[in-house]
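Peer 1: Have a look at the structure that comes next, please.
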Amino acid sequence: MRYLAALAGVALFAVAAGCGPSAYPSSPTAVSIPAAGTFDYYDDYPPPPDPYDPYPPPEPPAMPAPGTLVVTPDHGPIAGGTVVTISGSGFVPETTVMFGAVPATAVTVLDAATITAVTPASFDGGWVDVVVAVPEGGALTLPGGFTYADEAAPGQTATITITPAGNMPKAVVIAAGSRVRVVNNDARPHDLASDPHPSHTDCPEAAAGFLLPGATGHTGVFMTPRTCGIHDHNDPGTAAWMSKIIIR
Ligand SMILES: [Cu+2]
């Protein structure tokens, strides 16, 4: 009996090892069985590359190289209508441009490296990401690439009002040689100062001082055309207290 049992084990092993019906394909879901007479094994697999194919598939469209987007000018009125030039690479005729969530108008691709477009209107000013999208090539974002800001009327001092909801407006445009008034209409003190926190070295003249609720302060005089970012020194991570002062 011992000998017979061993013999039966060998027979079972032989069946399991492949003497049974079709051990290939290993998974019943790997290949669907078509109707009789239409089976073609090779239809289920992509053909191997043909080294003699005279028409290889085209290269995918080139992505714009990251870090090369430049928007000129980088600011304009809240009402929109600013004609901007966007420099980059890999632009094609169907390229689209967004300012924040709103598409630009009159997008014209002059060549692979140059686009002109007109800014849409902004709801409340401030800066938005500029997104350039190439069909089937992806999108490239320039964070905070365009700032909406209205310039103070001649003879008027630009004012940033601190409200419980944040700084209003988010950005101002001033002429070189002028300063900015800061009014604290929030119920708590604020201390606006230049980026970066905590050294405040970008634009030291941007400090408006520690302002109690209801108080008004002024920055120093801005002499150099440039853009100065400011924040609340006592709450430096909160975007609501961040503004830009653009000196032209
Ligand atoms: Cu600070």
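Peer 1: Do we find a residue being touching a residue at least 12 places away in the same chain (Cβ under 8 Å), within 16 Å of the ligand (Cβ to nearest atom), crowded, with 17+ Cβ neighbours inside 10 Å and of a type outside the set (D, E, K, R) anywhere in region 173-185? I'd like the intermediate steps shown before the answer.
Peer 2: As a first pass, look at region 173-185 and keep what is touching a residue at least 12 places away in the same chain (Cβ under 8 Å): 173-185.
If we keep only those that are within 16 Å of the ligand (Cβ to nearest atom) as well, we get 182.
Checking which are crowded, with 17+ Cβ neighbours inside 10 Å leaves us with 182.
Of the ones still in play, those that are also of a type outside the set (D, E, K, R) are 182.
Checked against the condition, which is being touching a residue at least 12 places away in the same chain (Cβ under 8 Å), within 16 Å of the ligand (Cβ to nearest atom), crowded, with 17+ Cβ neighbours inside 10 Å and of a type outside the set (D, E, K, R), region 173-185 yields at least one hit.
Peer 1: Scan region 198-212 and tell me whether some residue there is hydroxyl-bearing (Ser, Thr, Tyr) and surrounded by 13 or more Cβ atoms within 10 Å (Cβ to Cβ).
Peer 2: Residues of region 198-212 hydroxyl-bearing (Ser, Thr, Tyr): 199, 201.
When the remaining residues are screened for being surrounded by 13 or more Cβ atoms within 10 Å (Cβ to Cβ), the result is none.
No, region 198-212 contains no residue that is hydroxyl-bearing (Ser, Thr, Tyr) and surrounded by 13 or more Cβ atoms within 10 Å (Cβ to Cβ).
Peer 1: Another question about this same structure. Within region 89-136, considering only strands (runs of 3 or more DSSP E) that don't extend past its boundaries, which have at least 3 residues that are surrounded by 23 or more Cβ atoms within 10 Å (Cβ to Cβ)?
Peer 2: Details: elements: 96-99, 105-111, 114-118, 126-134.
Those strands (runs of 3 or more DSSP E) span 126-134.
Peer 1: Turning to a different aspect of this structure: Output the qualifying pairs, or none if there are none: Cβ atoms under 6 angstrom, residues six or more apart or on different chains, first residue in region 232-248 and in a loop (DSSP other than H, G, I, E, B), second residue of a type in the set (A, V, I, L, M, F, W, C) and within 15 Å of the ligand (Cβ to nearest atom).
Peer 2: 233/193; 235/241
Read the figures in this text as sums done on the coordinates, not as results from a lab. These numbers come from a predicted model, not from an experiment. Reconstructed Cβ throughout: ideal geometry from the backbone, glycine too, with neighbour counts over all protein chains shown.
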